[in-house]
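A.B. asks: Below: one structure in structure tokens.
No value in this document is a laboratory result; all are computed from the given coordinates. Bear in mind that the values here come from a model prediction, so they are computed numbers and not experimental data. Because the Cβ atoms are built from the backbone with ideal geometry, glycine has one as well, and the counts that use them run over all protein chains shown.
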Amino acid sequence: MQPKPNIVHLPVYQPGKPVEEVKRELGLTEVVKLASNENPFGCSPKAVEAIRRELDNVSIYPDGAAVDLTAALAKKLGVEPDQIIFGAGSDEVILMIARAFLLPGDENITADQTFPQYRHNIEIENGVVIEVPLKNGTHDLPGMLAKVNPKTKIVWICNPNNPTGTIVTHDEVEWFLSQVPPSVMVVLDEAYCEYVDDPSFPDGLALLKKYPNLVLLRTFSKIYGLASLRIGYGIGRPELIRSINQVREPFNTSRFGQAAALAALEDEDFIARCRKANKEGLATLRAAFDRLGLPAFPAYGNFIMVDVKRPAQEVFEALLRKGVIVRAGHKLYPTHIRITVGSAEQNAKVIAALEAVLQEIAVKV
Ligand SMILES: Cc1ncc(COP(=O)(O)O)c(C=O)c1O
């Protein structure tokens with residue numbers, strides 16, 4: 001029995017190393033994981049309460065259409081309920097978009113170092129990935145536009161970009177949308193948008209009103225702190241969302257995910273506190289990198305990518321031995337590591353560990 005030839009080469013997803021595994025393997029009692037852009041402050045206590053309340057209903061299927069959550073979110077965002085689709089994380093929305101829209105040979109344009117799930121799902125559908133190099137770690141929208149041709153089906157823009165953390169601005173995205181043929185879908189992945197307070201950051205919802213080929217992706221995994229409950233969403237025009245809904249599994253999001261997301265939406269104080277702590281954490285990390293002479297990309301989400309000027313894998317392993325898990329392995333950035341912004345305590349730990357590790361490993365010239 002043979003699998004589809006186009007999936008044979010696909011890697012099995014390598015997540016950030018789990019804390020328990022690192023503790024076990026290295027005999028450590030304290031491990032800080034700053035590798036998967038999770039929220040170091042957990043989630044809103046209101047979400048925890050909502051999860052507890054749902055415990056009585058575990059034997060009952062969830063509402064496949066997530067009607068209550070959709071209505072609340074639509075109201076909050078100022079869109080119609082039929083403009084929203086929920087997925088088991090925005091990962092699943094990416095999968096559903098690929099499944100609903102891509103035919104074999106359809107071209108997709110992405111950055112050359114970006115969130116890997118775009119390529120992964122494109123390849124499963126036998127689509128073609130056209131990569132456009134980042135410029136200074138930032139999406140090169142004119143470069144991406146230059147690759148658009150009659151075979152182009154979807155352009156994927158990750159903003160802030162994972163892993164570099166950079167953004168493209170409202171004006172840049174608007175210019176891009178005004179130039180792209182309306183038959184080409186533009187997916188703007190805003191998984192980290194709630195962290196961004198830069199005034200030039202795109203107002204995706206305003207752009208959506210003007211450009212019917214735009215789809216926004218967002219998630220409850222990041223600032224809302226619900227990563228394990230797998231709940232994210234897409235926003236677009238109703239006809240497009242309907243097509244995505246047609247390939248959705250009947251019960252793709254859980255009762256816990258829906259209930260927690262609904263409660264989390266109401267806790268704006270929690271979000272404001274996380275945004276503030278993240279900003280302070282970014283400033284602390286950046287100041288430390290400056291002191292250590294390590295250049296970092298501008299960071300707008302809850303992570304920062306820094307050039308440690310040494311082989312990233314070696315630095316990753318040395319940090320691991322000190323009980324700190326970060327992310328390395330970015331093909332085009334062999335001397336960069338990506339660090340999630342943690343709590344003040346976690347940030348201090350990663351800085352101290354990094355400082356010690358830099359002494360141990362020679363600079364790569
Ligand atoms: C840019 C980006 N998009 C989407 C996701 C997927 O998030 P989730 O499936 O948890 O919503 C992530 C997760 O790291 C991400 O970084």
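A.B. asks: Taking a cut-off of 27 Å between Cα atoms, list the lysines near Lys4, but don't count ones fewer than 8 places away on the same chain.
C.D. replies: Partners within reach: Lys151, Lys153, Lys331.
A.B. asks: Given the DSSP H assignment, sum -39500 (n - 2.57) over each helix run of at least 4 residues in the chain and divide by its residue total; what's the result at 222 nm in deg cm²/dmol, nearest 500? All intermediate terms of the calculation are to be shown ahead of the outcome.
C.D. replies: On the way: 13 runs with 146 residues, N = 365.
Per the formula, -12000 deg cm²/dmol.
A.B. asks: Further question: Which percent, nearest 5, of DSSP beta bridges in the chain are antiparallel?
C.D. replies: Working: 16 of 35 bridges.
Among the beta bridges of the chain, antiparallel pairing accounts for roughly 45 percent.
A.B. asks: Along the positive direction of the dipole of the chain (beta-carbon charges: Lys, Arg +1; Asp, Glu -1; about the Cα centre), which of Leu216, Leu332, Ile304 reaches farthest?
C.D. replies: Positive-end residue among those listed: Leu332.
A.B. asks: Using modelled backbone amide H atoms (1.01 Å from N, in-plane), which distant-in-sequence or interchain residues come within less than 5 Å of Val132's amide H?
C.D. replies: Those lying under 5 Å, H to H, from Val132 are Thr110, Ala111, Asp112.
A.B. asks: Sticking with this one: Which residues does the label zone of Gln313 cover in region 333-365, counting backbone N under 17 Å from a point 7 Å along Cα→Cβ?
C.D. replies: Answer for region 333-365: 333-338, 361-362, 364-365.
A.B. asks: Modelled label-to-label distance, Asp290 and Asp82, 7 Å Cα→beta-carbon offset: nm?
C.D. replies: 5.2 nm
A.B. asks: So for region 172-272, taking the charge dipole from beta-carbon charges (+1 Lys/Arg, -1 Asp/Glu), which of Ile235, Leu265, Tyr192 sits furthest toward the positive end?
C.D. replies: So the residue we want is Ile235.
A.B. asks: How big is Rg to Rh over the chain, alpha-carbon atoms, Rh as the Kirkwood inverse-mean-distance radius?
C.D. replies: On the way: Rg = 20.5 Å, Rh = 21.4 Å.
Result for the chain is an Rg/Rh of 0.96.
A.B. asks: Still on this model: In the structure shown, do any of Lys33/Lys279; Lys76/Lys135; Lys222/Lys276 have a Cα-Cα gap over 24 Å, and if so which? If you can, show how the numbers build up before the last one.
C.D. replies: Values: Lys33/Lys279 19 Å; Lys76/Lys135 35 Å; Lys222/Lys276 14 Å.
Beyond 24 Å: Lys76/Lys135.
A.B. asks: Sticking with this one: Where nothing but the Cβ of Lys and Arg (+1) and of Asp and Glu (-1) is charged, how large is the charge dipole of the chain around its Cα centre, in debye to the nearest 20?
C.D. replies: 500 debye
A.B. asks: Here's something else I'd like to know. Glu249 label point, 7 Å along Cα→Cβ, cut-off 14 Å on backbone N: hits in region 67-94?
C.D. replies: 87-94
A.B. asks: With a point put 7 Å past each Cα toward its Cβ, work out how far Ala348 is from Val67 in nm, to one decimal.
C.D. replies: Roughly 5.1 nm, to one decimal.
A.B. asks: Whole-Hz Karplus ³J(HN,Hα) for region 282-293, in order, using 6.51 cos²θ - 1.76 cosθ + 1.60 and θ = phi - 60°, x for Gly and Pro?
C.D. replies: So the J values, rounded to whole Hz, are 4, 5, 5, 5, 5, 4, 5, 5, 4, 4, 8, x.
A.B. asks: For Cα pairs less than 8 Å apart in space and 6+ apart in sequence, what is the mean separation divided by the residue count of the chain, i.e. the relative contact order in percent?
C.D. replies: On the way: 667 pairs, mean separation 83.6, N = 365.
It rounds to 23 percent for the chain.
A.B. asks: For region 110-124, in order, what is each residue's ³J(HN,Hα) by Karplus, 6.51 cos²θ - 1.76 cosθ + 1.60 with θ = phi - 60°, in whole Hz (x at glycine and Pro)?
C.D. replies: 9, 6, 7, 9, 8, 5, x, 5, 5, 4, 3, 6, 4, 5, 4
A.B. asks: List every residue whose amide H lies under 5 Å from the amide H of Thr219, counting only residues 5 or more places away in sequence or on a different chain, with H placed 1.01 Å from N in the peptide plane.
C.D. replies: Residues meeting the criterion, in which the H sits 1.01 Å from N, are Tyr233.
A.B. asks: Taking +1 at the Cβ of each Lys and Arg and -1 at the Cβ of each Asp and Glu, which of Pro295, Gln117, Met144 sits farthest along the dipole of the chain towards its positive end, judged by Cα position relative to the Cα centre?
C.D. replies: Checked the options; the winner is Pro295.
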